[in-house]
Structure formats: structure tokens, C-alpha cells
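Please read the structure below before turning to the comments.
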Amino acid sequence: SFEKKVWTSINAGETASVTLKNGAVGVTELSFSVPTTVYGAWVNVAKKETLPSSVSKFDGTVYKSLEITKGPALNKEGSFTDATIKFKVAKSWLDEKKLTKEAVALHHFAASKWTQLKTQVGEDDGTYVHYSSKTPDFSYFVIGEQSGAVAAPEAEAAPVEASAEQPAVEAPAEAMP
């Protein structure tokens, strides 16, 4: 499952985007701007069943793993800006994993580690919750549980007992000889 788009040229200041029609990838759209005109640019967004062994294991719960690659025209530092990835997560998966819609984030693999990207929660269309994240570059990504995410409360959660505040009791100071 992948989507590849090739542009003959992208003009300076223009936003290029790839719309992914295949829901299996998880990503619905990828967009970026170019500060200078580029020719022959391409990006490829592919779902990955498994990540290569060179990529460290992601610690959280994973919804989808993917790889976004780019052609040589976009490889130079600063060749693109404002890269935004829009994606969706099935509500049934959130329910199954007992996660709130706010407990999902996009994670980016770079410099040999996973970094959680700032993720905006978008619309809930009844089947999917939509999200968007900005990314500094393209490589491997995981759509999954936020680092330190709080699980959704159980439907019949036990009442939380308020801990009665106990005044601090100071131990008597021992007399120094």
C-alpha cells in the first residue's frame, strides 16, 4: 500500500500535496511548500508492515507504521518547508486499545531515535478521528499512542476515592547530648 507523486516542477512559494486515497496507509494527505522552484520532485508514502532492523523499536502502541521517502530534488537542506501530514485513526482501534482520541500522536524517526510530533486532533467523522502533524523531514513514522498517554477510562470505572489529607505529623526532635 503506497502512493507516489511526481511533479514536473513546483514553483517557489507553492504548496505541493499528495492526497492518499488508500485508507490502508493511514495518511490521508501530505503537503509541503518549497522556497525555491524545484524540478522533478517526488515523494512516496508507503505503509510498512515491519520497520527495518536499523530503526529502533517504537515503545508505544502502534496503529500504522509508514515510510515517507523523497527524491533528490527535495534532499537538500531547506529544499522544503511546512511539511504537514494528515492522517486518520479508526475509532474501533481507539476503543480496542482503550485510548482517547487525544492519546494519539505521529512519531518521527530521525537521528536514531523516535520523536513525538505535535499532533492536532481534527474532526471525528463517526468512523475515523482525523489528525494533522507538522514534520521537519521525511523518513519512518509511527501513528500510535502518545508518549505518556493516559488510557481512556473504563465505561464502568470504580469511583475514585479522594485521599483524605492528613496533616503532617512532625516527629519530636531528639535532644542532642
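Checking the structure you have, find out if any residue of the stretch 141-148 is open to solvent by 30 Å² or more (accessible area, probe 1.4 Å), at pLDDT 95 or above, within 23 Å of residue 22 (Cα to Cα) and of a type in the set (Asp, Glu). Yes, there is a match, as at least one residue in the stretch 141-148 is open to solvent by 30 Å² or more (accessible area, probe 1.4 Å), at pLDDT 95 or above, within 23 Å of residue 22 (Cα to Cα) and of a type in the set (Asp, Glu). Checking each residue in the stretch 40-66 for being of a type in the set (Gly, Ala, Ser), within 22 Å of residue 22 (Cα to Cα) and without any contact (Cβ under 8 Å) to a residue 40 or more places away in the chain picks out only 41. A single entry from 37, 50 fulfils the requirement of being farther than 22 Å from residue 122 by Cα and either modelled with pLDDT under 95 or of a type in the set (A, V, I, L, M, F, W, C) (or both): 50. Note on the stretch 52-77: among residues that are of a type outside the set (Ser, Thr, Tyr) and over 20 Å from the mean Cα position of the chain (by Cα), the one that is most open to solvent (accessible area, probe 1.4 Å) is 77.
Just one residue in the set 95, 82 is touching a Ser or Thr at 6+ places or on another chain (Cβ under 6 Å) and open to solvent by 40 Å² or more (accessible area, probe 1.4 Å); that residue is 82.
The values are calculated or read from the model by the stated rules, or taken from the named source; none is laboratory data. Please read these numbers as outputs of a predicted model, since none were measured by experiment. Neighbour counts run over all protein chains shown; Cβ positions are idealised from the backbone, glycine included. What goes into the accessible areas is simple: the full protein's heavy atoms, side chains included, and nothing from ligands, DNA or RNA. Shrake-Rupley method; radii C 1.70, N 1.55, O 1.52, S 1.80 Å.
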